[in-house]
Every structure is written in structure tokens, then in C-alpha cells.
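Visitor: First the structure, which I've put down as C-alpha cells, then a few questions once you've had a look.
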């Protein structure tokens, strides 16, 4: 779980600006919030969690994860993130979506209308980091998201990473299990964001061991390069166990079958 929180959070800070305003959709366990607040340039963190009970349970049973809910930079709302976005336009520098899988109540958080709302809530130069499912399981979804985002964002990138508790060990979703879902997500996001990229990481308890991350921006920047190179001292001060500058870039190095799907979707620009 630590790997997931570090991967989805720190990869969002691909450009350095002052007085950053961050929105977290979901994330009721507090892990994303904790990681975001490790960046001194963050001025305000707004969190919208639909289930207040998740926060209460995290405070009781996950004290290390939920240690930042009393932080003065936090503004907490309990409600539907979908509805919250409708009344917040051009407001945030970074938006991070930390949702459950695309089934049941969370299914709407993987549709085109949701990504259009995310786009309108970001200010110019804003960056979106979203759970991207597993390329082994959800490639259809990933394709659809790319299609949604490409027309709206100049940069749409997909990254993967290991999450020991995620089925298959990779998350975002897993390229091994959700390749069509991933392709779908990338596809529709290309209509919304200027940049759309997919990254991955290993998550051993996630189906297939891999999870993916979708990174979209409203300006044309290279999200594969971190905003600053972290020194050993920086990593120690931030108490990072998995993320570093090399891991940031490596997550965008994708298996050939994922690259081929994304390249097939892109007709006018490279997305992976």
C-alpha cells in the first residue's frame, strides 16, 4: 500500500510551482494526503471522500496512514466527488484520483464525463494523476480513457508500478488483466487533456501484481521527468520507501504490447 500511495502522489509533481493547490478525490485512508503534504510547495489540500466511515476506520486502525487529517492545510469535504467537481472550475494545480476499482459506485469515475470535469477543474498547466487499472486485466478500459483524454490534454501518459497487495502486483489497472480498459481510458482522455501518459508499478497483492497510473496535463510537458531530482537526504526527510527520481521515469517504460495498443490509438501524437 505504501508503494501505491507514493507512486500515485509524487509522480503528479512533474513541474515545480509555488503555492500549489491539490485536490484529492477519494483517498479516505489518508495515505495520499500524507504523501502530498511532504511537498513544501503545497499551500492547500482539498479532499473529497464520499464515505466518511472510511476516514473514521482509517483513523482508528491505520494511524500511520491517516496521520494528516488534522493538518492545517487540509480542507475536507464528505460527499460525491463527481458533484464536487461541477462547482469548482479552473481551481487546482494537481488533482489525484484515488478510487476503488471500476465496478459498482466507482464505475462513473472511469467515464468520459468524469474526465471532462477533471479537465475543467484544473487550472492552466494543471496535472491529473488517476488510477489507471492493470494492463493485464483492464486494457479495454485503458484504451477508452486514452480516447476520452487525448482531445483535451496535450500530454496523456500511462505508467505502471508494483503494489504488493494488489492482485498481480501491478496497478493502474494491471496491464496483464485490464489492457482493453486501460486503452479505453487513455483513448477518451486524449480528447480532454493535452498530455496523457500511463505508468505502472508492481503491487504484489493486486490481481496480476501490477497497477497502472494515468498522468494527464493541460500543457505540453514531459511528465516522465520529475520536477526535481531527489537527493538521498530529500528521500530520507520525506520518509520515502519506494519512490525516487529513477523510479519516477522507469514507470513509463512499458511492455511492448501496451505500447503497441497506445500507439495504435494515437493518430497524431505519441502517448507512451
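Visitor: Could you list, in sequence order, the residues of the stretch 81-101 that are surrounded by 15 or more Cβ atoms within 10 Å (Cβ to Cβ) and part of a loop (DSSP other than H, G, I, E, B)?
Guide: Those that are surrounded by 15 or more Cβ atoms within 10 Å (Cβ to Cβ) and part of a loop (DSSP other than H, G, I, E, B): 88, 91, 99, 101.
Visitor: So, one more: Could you please let me know if residue 23 is modelled with pLDDT of 95 or more and closer than 15 Å to residue 95 by Cβ?
Guide: yes
Visitor: Kindly evaluate residue 234 against the criterion of being assigned to a helix (DSSP H, G or I), more than 23 Å from residue 119 (Cβ to Cβ) and at pLDDT 80 or above.
Guide: So residue 234 passes the test.
The rows are residues; the columns are (1) within 30 Å of residue 233 (Cβ to Cβ); (2) under 20 Å from the mean Cα position of the chain (by Cα); (3) not assigned by the TED database to the domain that holds residue 117.
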{"position": "23", "(1), (2), (3)": "yes, yes, no"}
{"position": "29", "(1), (2), (3)": "yes, yes, no"}
{"position": "37", "(1), (2), (3)": "yes, yes, no"}
{"position": "48", "(1), (2), (3)": "no, yes, no"}
{"position": "60", "(1), (2), (3)": "no, no, no"}
{"position": "64", "(1), (2), (3)": "yes, no, no"}
{"position": "72", "(1), (2), (3)": "yes, no, no"}
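Visitor: Find the residue count for the stretch 184-224, including only residues that are at pLDDT 80 or above and either farther than 18 Å from residue 128 by Cβ or part of a loop (DSSP other than H, G, I, E, B) (or both).
Guide: Result for the stretch 184-224: 7.
The values are calculated or read from the model by the stated rules, or taken from the named source; none is laboratory data. Only a predicted model underlies this, so the values are computations on that prediction, with no experimental measurement involved. Counting neighbours? That spans all protein chains shown, and the Cβs are built from the backbone with ideal geometry, glycine included.
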